[in-house]
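Participant: Sharing a structure here in structure tokens format.
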Amino acid sequence: MAVNLKGRSFLTLMDFTPEEIRYLLDLSHDLKAKKRAGIFNYLLHGKNIVLLFEKSSTRTRCAFEVACLEEGGHVTFLDSGSSQMGKKESLEDTAKVLGRFYDGIEYRGFEQGVVEDLAKFSGVPVWNGLTDVDHPTQILADLLTMEEHVAKPLNKVKVVFCGDVRNNMSYAWMYGCAKMGMHYVAYGPDELINGIDSGVLERVKAVACETGAVIETCSGPECLEGADVLYTDVWASMGEEAQIPDRVRLLTPYKVTMDMIKATGNGDVVFLHCLPSFHDFETTMAKTQMDLGHDIREVTDDVFRSRHSKVFDEAENRMHTIKAVIVATIA
């Protein structure tokens with residue numbers, strides 16, 4: 001069946017069929033191979049996109065900028081200090097103005113409602129670069145990385161997400177696994193499992209009934225057996241320092257270690273992380289917290305640097321999959 005995503009927004013994987021996600025992954029593989037061969041078709045020639053960043057990032061900004069520029073498009077970057085959105089101009093008015101100037105809008109920030117309203121009012125495709133409850137471009141890159149490094153079709157892959165199972169990455173993984181018929185386990189303390197949004201679980205389990213996916217939660221290490229991918233994320237972000245003592249207490253048993261790798265029983269298990277990661281003490285935040293007696297590393301350095309770790313392939317794939325999303329929706 002032919003897939004046409006032109007004019008569509010990319011707000012969450014829940015808006016897409018498995019066939020449409022498959023199309024985006026196939027396009028990502030193709031565009032990545034062409035880039036490595038030095039082939040650029042300038043599919044975005046004459047196109048203009050704007051990046052709205054209320055929350056800073058290295059990979060998301062660079063991926064969108066390089067993806068667009070390589071295909072001949074033009075990029076404008078606006079952070080929260082460069083736009084009047086929500087301050088002197090309403091979100092609706094800003095969206096309507098930007099929709100007259102640009103062919104597509106990327107938003108990275110906090111509330112999912114903001115990216116949804118941008119799509120509602122702008123009249124052009126809007127792409128979700130991260131919100132508090134979702135991170136669809138990251139999951140697309142993760143799926144591409146798994147297809148490169150896990151010798152199984154996606155619907156045979158088991159992913160175990162270790163740590164804060166209530167965060168946006170855990171939810172985004174639930175959406176991706178449900179859509180692609182995968183086995184997903186949210187592995188964390190009962191206190192956090194009980195805090196998972198019941199609406200999210202209800203929606204992904206409904207999708208899983210159609211696709212054959214398995215969506216589970218677990219607080220014990222028995223769920224690690226047979227995992228093909230171990231995934232984690234930071235326990236606390238900048239601005240959340242007050243929560244760190246409790247997070248460390250709760251989540252240290254779920255730190256990804258070599259013992260956890262061995263517990264999978266899979267010598268080829270892959271470790272993935274959306275980055276940035278606290279895996280050593282070479283950052284100001286990790287050093288400062290360690291001086292206070294808090295080891296905030298969600299993964300040990302030996303795992304992060306091991307042959308199991310594909311985190312930098314994964315980071316590169318942000319650009320290839322984001323390029324596919326832009327090309328598919330506005331080219």
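Participant: Using amide H atoms built 1.01 Å from N in the peptide plane, name the residues 5+ places from Phe10, or on other chains, whose amide H lies under 5 Å from its own.
Facilitator: Val126, Trp127, Asn128
Participant: Tell me the net charge near Phe77. Cut-off is 12 Å between Cβ atoms, Phe77 excluded, with +1 for each Lys or Arg and -1 for each Asp or Glu.
Facilitator: Numbers: positive: Arg61, Arg108; negative: Glu65, Asp79, Glu106.
Charge balance near Phe77 sits at -1.
Participant: For region 71-164, which whole-number percentage of the solvent-accessible area (1.4 Å probe, protein heavy atoms only) is attributable to carbon and sulfur atoms? Please report the intermediate quantities before stating the final value.
Facilitator: Details: 1800 of 3760 Å².
Summing carbon and sulfur atoms, their accessible area is 48 percent of the total for region 71-164.
Participant: Please list His45, His183 in order of solvent-accessible area, largest first, computed with a 1.4 Å probe with all protein chains present. Walk me through the intermediate numbers first.
Facilitator: Values: His45 145, His183 50 Å².
Largest accessible area first, the list is His45, His183.
Participant: As an exercise, identify the chymotrypsin sites (Phe, Trp or Tyr not before Pro) in region 16-58 lying in DSSP coil whose Cβ has no more than 16 other Cβ atoms within 10 Å. Mind dumping the intermediate values first?
Facilitator: Numbers: sites: Phe16, Tyr23, Phe40, Tyr42, Phe53; in loops: Phe16, Phe40, Tyr42.
When the chymotrypsin sites (Phe, Trp or Tyr not before Pro) of region 16-58 are filtered for loop state and at most 16 Cβ neighbours within 10 Å, Phe40, Tyr42 remain.
Participant: For the chain, what is the accessible area per residue in Å² when the probe is 1.4 Å?
Facilitator: Working: 14080 Å² over 331 residues.
Value for the chain: 43 Å² per residue.
Participant: Quick one: compute the contact order of the chain, relative version, from alpha carbon pairs under 8 angstrom and 6+ residues apart, as a percent.
Facilitator: Values: 621 pairs, mean separation 68.9, N = 331.
In percent, rounded to a whole number, it is 21.
Participant: What pairs from Lys156/Lys255; Lys158/Lys323; Lys47/Lys323; Lys87/Lys323; Lys6/Lys120; Lys255/Lys287 go past 20 Å between their alpha carbons?
Facilitator: Working: Lys156/Lys255 25 Å; Lys158/Lys323 27 Å; Lys47/Lys323 13 Å; Lys87/Lys323 31 Å; Lys6/Lys120 16 Å; Lys255/Lys287 18 Å.
Result: Lys156/Lys255; Lys158/Lys323; Lys87/Lys323 exceed 20 Å.
Participant: Oh, and also: Relative to the Cα centre, what is the charge dipole magnitude of the chain, using +1 at the beta carbon of each Lys and Arg, -1 at the beta carbon of each Asp and Glu, and rounding to the nearest 20 debye?
Facilitator: On the way: 35 positive and 49 negative charges, 191 e Å.
Using only the charged Cβ atoms, the result is roughly 920 debye.
Participant: Which FRET efficiency value, to the nearest 0.05, do you get for Asp197 and Ile39 by plugging their Cβ-Cβ distance into 1/(1 + (r/R0)^6) with R0 = 41 Å? Working shown, then result.
Facilitator: Working: r = 43 Å, r/R0 = 1.05.
It comes out at approximately 0.40.
Participant: Based on the Cβ-Cβ distance of Ala206 and Leu91, what FRET efficiency does E = 1/(1 + (r/R0)^6) give at R0 = 35 Å, to the nearest 0.05?
Facilitator: 0.70
Participant: Please give me, ordered by residue number, the trypsin sites (Lys or Arg not before Pro) of region 1-98 that lie in loop per DSSP and have at most 12 other Cβ atoms within 10 Å.
Facilitator: Qualifying residues, ordered by number: Lys6, Lys87, Lys88.
The values are calculated or read from the model by the stated rules, or taken from the named source; none is laboratory data. Please read all numbers here as calculations on a predicted model, not as lab measurements. Using ideal geometry, Cβ is built from the backbone for each residue, glycine included, and neighbour counts are taken over all protein chains shown. Note: areas computed on protein heavy atoms with side chains; ligands, DNA, RNA excluded. Shrake-Rupley method; radii C 1.70, N 1.55, O 1.52, S 1.80 Å.
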